[in-house]
4 protein chains.
Amino acid sequence: MFFASDNSGIVHPKIMQRMVDANTGYAMPYGNDEIMDEVRTQIRELFEAPEAAVYLVATGTAANSLALACYTQPWQTIFCAQYSHIEEDECNAPEFYAGGAKLTLIPSDNKMTPDALAAAIDHRAGGSVHMAQSGAVSITQVTEFGSVHSLEELRALTAVAKEANLPVHLDGARFANALVALDCTPAEMTWKAGVDVVSFGGTKNGCAGVEAVIFFDPSKAQEFEYRRKRGAHLFSKHRYLSAQMGGYLTDGLWTDMARKANANCARLTAGLRANGAKFLHEPQANMIFASFPRAVHQKLHAGGARYYVLDGDVATGPAEEHLACRLVCDWAMTNDLIDQFLSHF
Amino acid sequence: MFFASDNSGIVHPKIMQRMVDANTGYAMPYGNDEIMDEVRTQIRELFEAPEAAVYLVATGTAANSLALACYTQPWQTIFCAQYSHIEEDECNAPEFYAGGAKLTLIPSDNKMTPDALAAAIDHRAGGSVHMAQSGAVSITQVTEFGSVHSLEELRALTAVAKEANLPVHLDGARFANALVALDCTPAEMTWKAGVDVVSFGGTKNGCAGVEAVIFFDPSKAQEFEYRRKRGAHLFSKHRYLSAQMGGYLTDGLWTDMARKANANCARLTAGLRANGAKFLHEPQANMIFASFPRAVHQKLHAGGARYYVLDGDVATGPAEEHLACRLVCDWAMTNDLIDQFLSHF
Amino acid sequence: MFFASDNSGIVHPKIMQRMVDANTGYAMPYGNDEIMDEVRTQIRELFEAPEAAVYLVATGTAANSLALACYTQPWQTIFCAQYSHIEEDECNAPEFYAGGAKLTLIPSDNKMTPDALAAAIDHRAGGSVHMAQSGAVSITQVTEFGSVHSLEELRALTAVAKEANLPVHLDGARFANALVALDCTPAEMTWKAGVDVVSFGGTKNGCAGVEAVIFFDPSKAQEFEYRRKRGAHLFSKHRYLSAQMGGYLTDGLWTDMARKANANCARLTAGLRANGAKFLHEPQANMIFASFPRAVHQKLHAGGARYYVLDGDVATGPAEEHLACRLVCDWAMTNDLIDQFLSHF
Amino acid sequence: MFFASDNSGIVHPKIMQRMVDANTGYAMPYGNDEIMDEVRTQIRELFEAPEAAVYLVATGTAANSLALACYTQPWQTIFCAQYSHIEEDECNAPEFYAGGAKLTLIPSDNKMTPDALAAAIDHRAGGSVHMAQSGAVSITQVTEFGSVHSLEELRALTAVAKEANLPVHLDGARFANALVALDCTPAEMTWKAGVDVVSFGGTKNGCAGVEAVIFFDPSKAQEFEYRRKRGAHLFSKHRYLSAQMGGYLTDGLWTDMARKANANCARLTAGLRANGAKFLHEPQANMIFASFPRAVHQKLHAGGARYYVLDGDVATGPAEEHLACRLVCDWAMTNDLIDQFLSHF
């Protein structure tokens, strides 16, 4: 019963098989392998972006930091949600890669709102040399609270950025989970909505460690290549990254897995709701922020369930006190395990 | 006939199988997987270093840059051979990770010499605040010219460093190839010879993408962990790095492969020598720098051989003119392919 | 009627004279001048800190950034008030000098509070490698809103920092104005209150361009010297910095000027209050944040007054609408000019 | 008898007087003072560059580092002479400001040669992402060995840079000394010779601490302003920088002083030559690298002469052994002091 994260499950066997299949003969290193040529084509087609520059790296933090660095000068600030991954969980990697740039946090209970974003941008406006200058806007989809921006919401945010002439990055570590939740196309959720560059995640959705960085403006390609190499993120045996991404994108495996993960989450949500749990945010993809009595947490812990309790001490305190927790479902979670989890209520 | 590099061949099937075997159930992310516990134990035993701090990253440049950053302040300089990998082939990654530190190049035709190193250190001595201060010494083993420092040579270099109170890094992208060439123990080639931190390569010797960074002084552990995360080199699904390294180190596979690569190189060297090729450096591991007539290069190219010609134009010029080239043998190279290569002379 | 800032007035003639006096014969460069020896002694005596390491730089941003960099690793975050100078007015200099570190903003309407600081530190606590680690706490005295932390308030803040084992920096660009407002000693407002390093401003209080950085822990001295040189802030003709600081500290000139500036501010405050102005913050040193009717602003502008209007359009709008502004008095402001300003009400 | 450097003498009284004269009334801060407007005009006229972007900073290292950062990406390398100031005497400031860029040293006994520069650029050519990419070429005029590139030599160097499409920076810490040695115009020694940006020194030639950075391509202006502020090199009370530069440029004071410094050097050179000293480099401006017997050094030291002995121990060794030293003459050096120096031979 592992609900702690979607970064701890297995690689989909079909993806693993692609790595095994790729393990024959010599292949050009550093992204010049033939599988990468196929992957580039796959992604350009999927995103209806025949000119897009497409690159692979192995971690989500690398994807975010390198993408943002291409759009942010060291004297600028990146605008992001207060609880975004780039702020909370990347140990200053975005600042490092962008040469000491700042992150400006948009206050947000759940999703970043256009008004809050506009206020933050306004605060930096005016051109004084003393202030951090405005750089990229980074939007997270699925958010760290398990929410999904609708296409309208996305477009409203990018409109604020465009109004200020700022580029837009999408942190899509859970891109697939959002896409299937919205039932839209990759193009609709990215460039058609005003996104300039996307971190297109694979790792959390069934790959071993691969993320694509997709620039809809290919003029950023050369700079990205230098930054990737200088960041030590250019793989010599690149074919094993390519193979993962190739397997991920073939025959809709990536959306199948995301649909399964979201369905697992929906089943768990329904069960929690039926058992009186409260929800801090309405689950929209594969993550749940819920609270329920300490006594249930205690039973779950005793039963071997693994997940993050956000506050409070599970072991000690009133049995009926509600404690909040985060529950994440990956594609490999089974109905049996979910039901087993729910049986502790 | 791929002799361009040892970064383009296949992963050893046993290592690939370990990745497949690891692909079951949930595993703790970010280096807390159980396989990593085994790998740590394996490496500590191999290096006779029960306290060593052991980490995995996916690229050699990451291993070098992160290791050096832990031993170099931004206002210092790293001493390295003129044609070292960190100077020539890492696109300023060491400077980036060390916060803008400098690389001071030790003039060297082949191996760095103690005298040349001492002269460079002396030039920086004296404590003036105006000059870059002295930081780590980085030694490459196998060198970029295919040479192997003897243990005496290594100790003479580290003695110069220790005399100046400087830490020593070993770039061991081809650690195994050097080890079997010297027929010594890992401890003898590292901490017993005065090395403080080693980049212990796996990628060039049959892994998909994994390098260990081994600190013999575990007090650097915490800093490394922050630097690795900030560099975006901490893998969530870390077990697939662990599995590679675990397979690599099991039952002596790593030295078996290195021995095979070196033997391949020796066979090719002997054949080249018999055919009148000249050697820029005496091959000691799995890399050859040789020159032979343009006409032979032309035949090899026509025959599909892949390798780097270092200077001159293969297509045009006197047939008998010698052109230098680099030839690298990995463990998977076969006698047949070597003989096929030699048949063009 | 220049009330825009205290960075635009003249240098006190006695300080200018010290620069002229210093202009004779050869002097050792780079801080080894004899005047600097005197300054070091003066500052150590003033601060009752015989071991303190004392350095001069020419700008407040340099003082802050270099001081903080000595106490903050690149993977850490500096805790500071939401509207501090280091956040709002230094164009990412602190991030630059600290190698890409982060600033964590403590929400504050006026002064940073211990509770808000503790909450921010708690949020970062726990040691996860994913998050920015906790670095220095930076307190501004006088704050950017013209407030002065009492000694009790200062000690309460540093107690929170010390509880978390974090070093404390004091941004004292207006150190003298705060000191005379509190009527305390330099030691009481710094190391006796738990401050580890202080940016001791001279520029805003009658010097041409000089700030001292004072480390109460002299073990930071060597690192600061490298950082200052690497930042290009080590002056060859250092005696002209020393002479300024020497003149500033001689015969209490520095506190005389601060007292005069604060008195100027008090006179202006009283006049504004008598005329019905509202105060956004209670003025405690030499800065006023007040609001009064647009019609008055219009008369002041027409009369040649220079100051920052914080929001709204002076030219257009209801005459009676209040607009907020910032008014700063330096030591050279005269009663006549203040009264002239007030005569527009 | 202070011959150690031209950074230790007095400020020219006329320049000091300009600072005193500027000390009246309020002035706009941060470079918006009226004196700066005049300085900008003066420099544009002097350099026959009506569009040039002109900025002032207080140290030569700031001028060099900020100028170079505007022309060098973090993944690039700056080409400079082996013994240039930016390599030897700036404690990694250029690397710091350029975000971790590299310096590639052009081997040179005295002046950088076009062939050596071309060879270094060629070594980096080819576009491989693995290598540091080619950035700016930095030429020092007067060189650190007291040599002056002729206009032909300058043009030959910049031609090599332009051939490779690289920008050219001139480190003119001793710009005036070179200019009067060549008897040419500022334009001839800069943009007409292919220079894109120049560090125009004042500090070593009679100012207290001021250098101009002059961009002949004004499109770099905005970036420089952000970099200067972020580097903490933007002065609030900027008028005192402006006043220095204004005085320096008025009525040819700057060239008068340089002519005097060079004449002092010529007198000392002639005297040394007459006394049998040997010259490591032929003095062409205001610096001498000469060797003469230890016994003379001993007499000079006893007589109070101050200068750098480059190697060897003055106190101990054969009296007749030659020791090399550096002797620098500033504008304020007198014939009497020179003759007094020579009287020790």
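Since every read-out is calculated from the coordinates, none of them should be taken as a lab result. Predicted, not measured: the structure shown is a model, and the values here were computed from it. Using ideal geometry, Cβ is built from the backbone for each residue, glycine included, and neighbour counts are taken over all protein chains shown.
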Practice task
Report the FRET efficiency, 1/(1 + (r/R0)^6), for D:GLN17 and A:ALA164, where r is their Cβ-Cβ distance and R0 is 45 Å, rounded to 0.05.
Solution key: 0.40
Handout entry: chain A: most fluctuating residue of A:MET112, A:MET287, A:MET16 per GNM, C-alpha cutoff 10 Å
Key = A:MET16
Problem - Value of relative contact order over the stretch A:13-252, rounded to a whole percent, pairs C-alpha under 8 Å and six or more apart - result: 30
Practice task
With no solvent and one equal point scatterer placed on each C-alpha of the stretch C:118-202, evaluate the Debye formula and give log10 I(q)/I(0) for q = 0.22, 0.23 Å⁻¹, two decimals.
Solution key: -0.99, -1.05
Exercise for the section: Using DSSP, restrict attention to beta bridges with both residues in the protein assembly as shown and report what percent are antiparallel, rounded to the nearest 5. Expected result: 55
Exercise for the section: Mind giving me the nanometre distance, one decimal, between the label points for B:ALA315 and A:ASP109, set 7 Å out from Cα along Cα→Cβ? Expected result: 6.8
Practice task
Give a residue-ordered list of calculated ³J(HN,Hα) values for the stretch B:100-106 (Karplus: 6.51 cos²θ - 1.76 cosθ + 1.60, θ = phi - 60°; whole Hz; x for Gly, Pro).
Solution key: x, 5, 9, 10, 9, 8, 8
Problem - For the stretch D:180-328, the spread of Cα positions along each principal axis, largest first, Å - result: 59, 33, 27
Fill in the blank from the handout: Binned at 10 Å from zero, the C-alpha pair distances of the stretch D:130-251 give percents of 12, 39, 35, 12, 1, 0
Problem - Evaluated at q = 0.09 Å⁻¹: base-10 log I(q)/I(0), Debye formula over Cα of chain B - result: -0.50
Exercise for the section: Run through the other copies and list how far each one's label point is from that of A:ASN165, in nm with one decimal, shortest first; the point sits 7 Å from Cα along Cα-Cβ. Expected result: 2.6, 4.8, 5.3
Exercise for the section: Pick out, from A:LEU280, A:VAL160, A:VAL296, the residue whose Cα sits farthest towards the positive end of the charge dipole of chain A, with +1 on the Cβ of Lys and Arg and -1 on the Cβ of Asp and Glu. Expected result: A:VAL296
Handout entry: Per-residue ³J(HN,Hα) for the stretch B:154-161, Karplus 6.51 cos²θ - 1.76 cosθ + 1.60, θ = phi - 60°, Hz, x for Gly and Pro
Key = 4, 5, 5, 5, 5, 5, 4, 4
Completion exercise
In Å, the Kirkwood hydrodynamic radius from C-alpha pairs for the protein assembly as shown sits at 33.8
Practice task
Show that you can apply the helix-only estimate: for the protein assembly as shown, add -39,500 (n - 2.57) for every DSSP H stretch of four or more residues, divide by all residues, and state [θ] at 222 nm to the nearest 500.
Solution key: -11500 deg cm²/dmol
Practice task
Take every DSSP beta bridge whose two residues both sit in chain D, then give the antiparallel share in percent to the nearest 5.
Solution key: 55
Completion exercise
Computed from the beta carbon distance with a Förster radius of 35 Å, FRET efficiency for D:ASP336 and C:GLU34 to the nearest 0.05 stands at 0.90
Practice task
Name every cysteine in chain B that ends up alone, with no second cysteine's Cβ under 4.7 Å, or say none.
Solution key: B:CYS70, B:CYS80, B:CYS91, B:CYS184, B:CYS207, B:CYS325
Exercise for the section: Take every Cα pair under 8 Å in the stretch A:232-307 that's 6+ residues apart, average their separations, divide by the length, and report that relative contact order as a whole percent. Expected result: 19
Problem - Zone residues, the stretch B:266-292, relative to B:TYR308, backbone N less than 18 Å from point 7 Å out along Cα-to-Cβ - result: B:279-292
Practice task
Neighbouring Cβ atoms within 10 Å as the yardstick, rank B:CYS91, C:CYS265 fewest first.
Solution key: C:CYS265, B:CYS91
Exercise for the section: For D:LYS299, go 7 angstrom from Cα along the Cα-to-Cβ vector, then report the distances to that same point in the other copies in nm, smallest first. Expected result: 7.6, 8.2, 10.3
Practice task
Could you list D:SER150, C:SER134 in order of exposure, starting from the residue whose Cβ has the fewest other Cβ atoms within 10 Å?
Solution key: D:SER150, C:SER134
Problem - Calculated P(r) of the stretch A:254-340 - Cα pairs past 19 Å, % - result: 36
Exercise for the section: Quick one: check the C-alpha center-to-center distance for the stretch C:268-307 versus the stretch A:288-329, whole angstrom. Expected result: 55
Practice task
In whole angstrom, note down how far apart the Cα centers of the stretch D:75-154 and the stretch B:1-24 are.
Solution key: 42
Problem - Evaluated over the stretch D:67-208, the Cα radius of gyration and Dmax, each in Å - result: 14.3, 46
